[in-house]
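Here the structure comes first, spelled out in structure tokens, and everything after it is commentary.
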Amino acid sequence: MTVDELAKEIGAEVVGDGSATVTGCMTLETAEAGQVSFLANAKYTKQLDETKATAVICAPSVKNDRVTLLKAADPYFAFRQAIIRLHGHRKHPFAGVHPGAHVDPSATIGENTIIYPGVYVAPGARIGRDCVIYANAVIYDGSVIGDRVIVHACSVVGADGYGFATHKSEHYKIPQVGNVIVEDDVEIGACCSIERGALDSTVIGKGTKIDQLVVIGHGCKIGPHCLIVAQTGIAGSVTLGHHVTLAGQTGVAGHLTIGNNVTAGAKTGIIADVADQKTVVGMPAMDVSHARRVYLFFTQLPDIVERLKALEQQVADLGTDDSGGVEVV
Amino acid sequence: MTVDELAKEIGAEVVGDGSATVTGCMTLETAEAGQVSFLANAKYTKQLDETKATAVICAPSVKNDRVTLLKAADPYFAFRQAIIRLHGHRKHPFAGVHPGAHVDPSATIGENTIIYPGVYVAPGARIGRDCVIYANAVIYDGSVIGDRVIVHACSVVGADGYGFATHKSEHYKIPQVGNVIVEDDVEIGACCSIERGALDSTVIGKGTKIDQLVVIGHGCKIGPHCLIVAQTGIAGSVTLGHHVTLAGQTGVAGHLTIGNNVTAGAKTGIIADVADQKTVVGMPAMDVSHARRVYLFFTQLPDIVERLKALEQQVADLGTDDSGGVEVV
Amino acid sequence: MTVDELAKEIGAEVVGDGSATVTGCMTLETAEAGQVSFLANAKYTKQLDETKATAVICAPSVKNDRVTLLKAADPYFAFRQAIIRLHGHRKHPFAGVHPGAHVDPSATIGENTIIYPGVYVAPGARIGRDCVIYANAVIYDGSVIGDRVIVHACSVVGADGYGFATHKSEHYKIPQVGNVIVEDDVEIGACCSIERGALDSTVIGKGTKIDQLVVIGHGCKIGPHCLIVAQTGIAGSVTLGHHVTLAGQTGVAGHLTIGNNVTAGAKTGIIADVADQKTVVGMPAMDVSHARRVYLFFTQLPDIVERLKALEQQVADLGTDDSGGVEVV
């Protein structure tokens, strides 16, 4: 495929020689001739002077005479389209339910859904069409999974929530009689646990993408198009709006409401509701502009204490001067 | 079943009409007619004015004329009993060891224990009676699991502890020749790893409940009736007393001793022993009353620095006044 | 085997009676007669007065008349050798690929490699010789695993990285067309996820040891002989040098470069590059000596604010005195 042909397919404008053949995509640093690369950020523009890539997808504003540019309004999405065109999505080595999977007879699996070996689908679970459930994932009883959902290996959908009634100093299991509903176009990374609701449903909204080793507590209502990054944990009965981003290792305490378009930085500890549109950072979670100052001063604490000490000395000296010799301890 | 009949079974007192039929349990917000709900906290009492639940289990002190109340001394436990009575525990789709599980011939499995497909039970492991080991959990060699233990999907009991001797800049594996002992009535959530002891046993005490994605390091002695919440990690050779609660994403450094009835807040970093009865919070873990003030002032650091700056200016001015013009930098 | 014989094999010098027979290794506290133990730290030397161990491996400088000492230049490594000699490495209950594993016909498995039941090895994966892949681990397509690599149960090598292009408010999957390369002598604990590269390879360097529930993001280049402790998460495209140690629950933001011999304390949040040889601690990561002072003052914040308040009062009083009655608010 030529650069010109690719540009046409991904909706990019060619600046430079469009006649060269390209066969794959690669990062700027490691690309070889014949590969298409991607400039993520204008501040790396000088990498264009060294890349061996045959063409580079970039924003319309980028300028470079050395390498052919493929200018696109949404360059990252255009690069994604190029990857799909040149590499494609994973080809699965079989179709449908692999005989090494264990699907309960009362479970239903939609058309074109791929179930890898070692997957267990429990009674009454429903999986939609065009899904991929990778090896050794486990779908508990009664889970409802939409269409085009991807669940990676060793992830667990619908295990019991952490519900115990403590009575006379012993913890008694509360049967978790709810389920999990995973809406269409969700992706769940490896080794995650999405707990079933205690009484009602835990819901993962349409188009939400969950990274590796994430825990979603029982009864959470996760809105659509959220990004929940690796090792984040959300306690029970939390509501997330749409387009919420929780960066890696974030924790959310139980029963909170996180608004729409909220973003939380990595390792944030959310212990109170967060309003729509807010960006929060830190432990405890603070508005990002406040948090930046808090953490700046936090790292400067030794200096701050030195200033305090100096001031104490100065004031003691002033007091001594004023009072004609009274000592200030 | 009528409300009166249910009340009798769960030891609650009916205040209101006990003749209605109830068929299931649900949260206050989403309950429909015919469902029993639960008031967790007196401060939500006004939710009773809106719920559609037919009856609500609550503490003896709650008052409401609109909905039938089921008053119980331990309402959460009574609600749990109602869930068991109306919904029951999970019904398993088979009995005993599923043929899709792999149990080494030298392992022993007790009566009425359910082993799901994809479980691997290694040589010499012993699993007691009335246990449930969910799909794709792995029980390493020599693990000893008591009665009525639940292990959720993709959890691992007895993998090698993280033990290496670094010699001439390379890390040499130390064979982990201990094992794991899981006592009776323990529950382990999905995707956890309970490491085997390096030399002796890692012990999970009777009745302890472990949430999802928890790591227990090699040689830990976890006391009975502890609650270890999701994504908590306990390094090697830690001793926990009884009734310890570690909230989500807590970390405990190696070789520490945590006393009885200790509670740690979410994301706590425990780097020193904790005495009996203490509640600790923060990174590093501090007594909760101290930690509250520390974190309050932490979030106020920008103000504190402003106050310091103002004071510096005032003192400089004072110094200037006093000394007839000497400049203070 | 006598103490003398063991000493010879592990290169230790016997101080005391070397004629006794030893049959196993155990910790100092729980050792019985006939067992060899290990003194990890000179400050625990008085434990030698109480141990029932027949012999104790220790550093050359240790002195004790009561128990036979096995003095070694590298006592921990010598103890490791003793464990291997007296207990050996795990004996596997079968050889080669267990019939309960699912290995794609296009995957290759080296000589003497053990594949446990429930393991899935996807198309085109290559596993070297003398490896052990424990039950229910999943090796995605195209992964390349060296020799003598150990992968524990329910770990996932090569799941898709977390790569999405957000376009018109929806997140579109970017095919992850890279792979994972795990070099020789790597060990990966249970329930880890090593993401495949988006375009190129995620690399785990020779001899690196990864603990339980670790996430390595797509495109990371982890150097040789690193130690990555439990529940650590490394975002995408991070480069680690050699001999880097990241303690438990550490997080590393994307695209950073961590130098050689860097050590990070538990729960550290690394948000900027770290130079060779540095030890960093805290959130955000700070040089350890600075961090110690920062965290000390952090825990003293209530005192610091009291001092500030006292000073404000003193200055107000001074101001009042000086100015003959002007009030300072």
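Using C-alpha pairs below 8 Å separated by at least 6 residues, the relative contact order for chain C is 6 percent.
Would you order A:His98, C:His102, C:His152, C:His87 from fewest to most other beta-carbon atoms within 10 Å of each residue's own beta-carbon? With the fewest neighbours first, A:His98, C:His102, C:His152, C:His87 line up as C:His87, A:His98, C:His102, C:His152.
As a test, work out the antiparallel percent of DSSP beta bridges whose residues both lie in segment A:139-273, rounded to the nearest 5. It would help to have the intermediate numbers written out before the result.
Values: 4 of 37 bridges.
In segment A:139-273, DSSP labels about 10 percent of beta bridges as antiparallel.
Backbone amide hydrogens, once placed in the peptide plane, bring A:Val182 within less than 5 Å of A:Val144, A:Ile145, A:Gly146, A:Ile204, excluding anything fewer than 5 places away on its chain.
Select from C:Val22, C:Val203, C:Val214 the residue whose mean-square fluctuation is largest in a Gaussian network model of chain C (Cα-Cα springs shorter than 10 Å). Answer for the Gaussian network model of chain C: C:Val22.
Taking the label point 7 Å along Cα→Cβ, C:Asp276 and its counterparts in the other copies are spaced 5.4, 5.4 nm apart, in ascending order. Across the identical copies, the label point of A:Ser61 (7 Å from Cα in the Cβ direction) is separated from its matches by 6.1, 6.1 nm, in order from shortest.
Net charge of the neighbourhood of A:Gln212, taken over other residues with C-beta under 10 Å away and scored Lys/Arg +1, Asp/Glu -1, is -3. Note on chain B: GNM, Cα springs under 10 Å; of B:Gly18, B:Gly269, B:Gly146, the largest mean-square fluctuation is that of B:Gly18.
With r defined as the distance between the Cβ atoms of B:Thr166 and C:Ser106 and R0 fixed at 35 Å, what FRET efficiency is calculated, to the nearest 0.05? Efficiency, from the Cβ-Cβ distance: 0.40. Within 10 Å of the Cβ of each residue in C:306-314, the mean number of Cβ atoms contributed by other protein chains is 5.
Per-residue Karplus couplings for segment A:160-168, computed as 6.51 cos²θ - 1.76 cosθ + 1.60 with θ equal to phi - 60°, are listed in order as 4, x, 8, x, 9, 9, 8, 9, 6 Hz, Gly and Pro entered as x. In the protein assembly as shown, the ratio of gyration radius to Kirkwood radius, Rg to Rh, stands at 1.00 when only Cα atoms are counted. Averaged over the residues of A:212-222, the number of partner chain Cβ atoms lying within 10 Å of the residue Cβ comes to 5. Seen from all directions on average, segment A:78-203 presents a Cα convex hull projection of 9.2 nm². Beta bridges from DSSP with both residues in chain A: antiparallel share about 15 percent, rounded to the nearest 5. Once C-alpha pairs closer than 8 Å and six or more residues apart are averaged by separation and normalised to the residue number of segment C:102-284, the relative contact order reads 11 percent. Comparing C:Lys278, C:Lys46, C:Lys91 in a Gaussian network model of chain C (Cα springs below 10 Å), the most mobile by mean-square fluctuation is C:Lys46.
With an a/c value under 1.5 for the gyration tensor axes a ≥ b ≥ c computed over the alpha-carbon atoms, segment B:3-86 is described as rounded. When every alpha-carbon pair in segment C:102-284 is counted, what percent end up more than 20 Å apart? Cα-Cα pairs of segment C:102-284 separated by over 20 Å account for 49 percent. Residues in segment A:264-272 carry Karplus couplings, in order, of 10, x, 4, 6, 5, x, 8, 10, 8 Hz; the curve used is 6.51 cos²θ - 1.76 cosθ + 1.60 with θ = phi - 60°, and Gly or Pro positions show x. Its alpha carbons considered, segment A:131-175 gives a radius of gyration followed by a Dmax of 15.0, 47 Å.
Checking every one of the trypsin sites (Lys or Arg not before Pro) in segment C:146-212 against DSSP loop status and a limit of 12 other Cβ atoms within 10 Å picks out C:Lys168.
Taking the Cα centre of chain A as reference, the dipole from Cβ charges on Lys and Arg (+1) and Asp and Glu (-1) amounts to some 720 debye. Report the local net charge at C:Phe77: Lys and Arg +1, Asp and Glu -1, summed over other residues whose C-beta lies under 11 Å from its C-beta. After counting each charged neighbour, the total is 0.
For the protein assembly as shown, the antiparallel share of DSSP beta bridges with both residues in that region comes to about 15%. Distances between placed amide hydrogens fall under 5 Å for B:Thr108 paired with B:Ala125, B:Arg126, B:Ile127, all partners being 5 or more residues away or on another chain. Relative to the other identical copies, A:Lys46 shows label-point distances of 6.2, 6.2 nm, where the label point lies 7 Å from Cα along the Cβ direction and values run shortest first. Residues whose amide H falls under 5 Å from that of B:Val274, counting only those 5 or more places apart or on a different chain, are B:Thr257, B:Ile258, B:Gly259, with hydrogens built in the peptide plane. For chain B, the alpha carbon convex hull comes to 214 Å³ per residue, rounded to a whole number. A DSSP coil position with no more than 16 other Cβ atoms inside 10 Å describes the following GluC sites (Glu not before Pro) in segment A:223-329: A:Glu327.
With charges set only on the Cβ (+1 for Lys and Arg, -1 for Asp and Glu), what does the dipole of the protein assembly as shown come to about its Cα centre, in debye to the nearest 20?
Using Cβ point charges on Lys, Arg, Asp and Glu, the protein assembly as shown gives about 2060 debye.
Values quoted throughout were computed directly from the atomic coordinates according to the rules given, and no laboratory measurement underlies them. Computed from a predicted structure; not experimentally measured. Backbone-built Cβ (ideal geometry, glycine too); neighbour counts: all protein chains shown.
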